[in-house]
Amino acid sequence: MAGPRTLGSMPLSSHAAAPGPAACSTASARLGEPLAGTAPHAPRWLAIEQPGPWGPRALTESHLPRELGRALGAKAEAAGVRIALIRRPGRHAERTPDAPRRVLLADTRPGRTTLWSWQTTDAASLLDLDFDAPGKPLHEGPPPLLICTNARRDECCALTGRALASWLAQDAETDTAAVWESDHLGGHRFAPTAVLLPTGYLYGRLDGPAAREILRETSAGRVSLAGCRGRSTWSRAGQAAELALRGQLQEFAPDAVRVLGERSLDPLPGAAGPSPDTHRYEVRLAAGEAVFRAEVAETAAAHPRPESCGKAPGNPLELCVLRLEKEG
């Protein structure tokens, strides 16, 4: 096995730079903000290769034609599909408009979990894409890991995301075909963040060895729980409950745990109940033939912190599984 590479005199396991004490990811880590239940809700993802610079809203602020970006965004939103622009780590020189670009379409839902992958020289052809029956080839090769590196969106993603993508791209033990830079994935304060396709599990506070291990576990058909924010298939309460059940059962097969449904446990208006800053949900889950119930509390964080670099401090919602039991 090859030994670790270095970037000049810096070991590859070190990030090139670290966010300052006022950065959003520094504050979140210092306060021990929980990761579970913080993934965006996105049952399906469309990733489009777009080299060159990205603005804060990459889909309409890149070298992709603005009107095409707007039209693709509207089409995807109507179908419940989240779009991410992606590019390979390293220099981001623009290419000619008709150069081949990679497209990934992922369905994260258990029983339907699929990843399609193809190249196109005409990004406008994606306006005719049928998300339900794409008619495209299945992805071959390692599951892609998309790492947020959008410097124009957040400083933490710029510093730590780019360093992580570079680390993996030069790591002798990582299949570099799996590594992509991505625009905004949500949750700057958990940087470096990444999403794994096609399962849709998101991760936060990653370093090189942790990301490498996620790719190894995925290749072995297992979900890595370390640093996991949740599966984007589910709501935030469903994400937290699913991760808790996986941990309790030590069940790591991707589709072995499913969220069956959820309901609010909040009291009716005017009734006595917990603090108005707390909301409770009952989540029903299945693992094999067994059915479980989880009670999940959603509470505003006690201590304010910036949810993104440069923004005023706020109190983001934190989720906690209060009870988890088997039915019957």
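The values are calculated or read from the model by the stated rules, or taken from the named source; none is laboratory data. As the structure is a prediction and not an experimental result, all values here were calculated from the model. Glycine also receives a Cβ, built like all others from the backbone with ideal geometry; neighbour counts cover every protein chain displayed.
Structure notes:
- Of the criteria (1) surrounded by fewer than 16 Cβ atoms within 10 Å (Cβ to Cβ); (2) at positive phi, which one Pro65 fails: (2)
- Residue among Ser219, Ser235, Ser264, Ser182 that is under 14 Å from the mean Cα position of the chain (by Cα) and more than 23 Å from Cys156 (Cα to Cα): Ser235
- Test: residue in segment 186-195 that is modelled with pLDDT of 95 or more, farther than 20 Å from Glu33 by Cβ and surrounded by 19 or more Cβ atoms within 10 Å (Cβ to Cβ): no
- Checked against (1) buried (at least 16 other Cβ atoms within 10 Å of the Cβ); (2) under 25 Å from Phe190 (Cα atoms), Leu129 passes all but a single condition, namely (2).
- Any hit, segment 81-101, residues being over 23 Å from Ala165 (Cα atoms) and assigned to a helix (DSSP H, G or I): no
- Candidates Glu282, Glu251, Glu298, Glu307 - the one that is within 25 Å of Ala27 (Cα to Cα), among the charged types (D, E, K, R), surrounded by 12 or more Cβ atoms within 10 Å (Cβ to Cβ) and at pLDDT 95 or above: Glu298
Residue-by-condition table, conditions (1) more than 30 Å from Glu213 (Cβ to Cβ); (2) in contact with a His (Cβ under 9 Å, 6 or more places away or on another chain); (3) crowded, with 19+ Cβ neighbours inside 10 Å; (4) touching a residue at least 24 places away in the same chain (Cβ under 8 Å):
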residue: Ala241; (1), (2), (3), (4): no, no, yes, yes
residue: Ala256; (1), (2), (3), (4): no, no, no, yes
residue: Phe292; (1), (2), (3), (4): no, no, yes, yes
residue: Arg323; (1), (2), (3), (4): yes, no, no, yes
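- Residues within segment 222-261 that are of a type in the set (Gly, Ala, Ser), closer than 19 Å to Arg323 by Cα and in contact with a helix residue (DSSP H, G or I) (Cβ under 8 Å, 6 or more places away or on another chain), tallied: 1
- Among (1) within 23 Å of Gly238 (Cβ to Cβ); (2) in a strand (DSSP E or B) - the single one Trp180 does not satisfy: (1)
- Search result, residues across segment 144-177 that are surrounded by 22 or more Cβ atoms within 10 Å (Cβ to Cβ), among the β-branched types (Val, Ile, Thr) and part of a loop (DSSP other than H, G, I, E, B): Thr149
- Candidate set: segment 21-65, residues that are in a helix (DSSP H, G or I) and hydrophobic (A, V, I, L, M, F, W, C); chosen: the one nearest to Asp98 (Cα to Cα): Cys24
- Conditions (1) surrounded by 12 or more Cβ atoms within 10 Å (Cβ to Cβ); (2) on the phi > 0 side of the Ramachandran plot; number of the one not met by Arg112: (2)
- Scanning segment 66-80 for residues that are touching a residue at least 24 places away in the same chain (Cβ under 8 Å), assigned to a helix (DSSP H, G or I) and small (Gly, Ala, Ser) returns Ala71, Ala76, Ala79.
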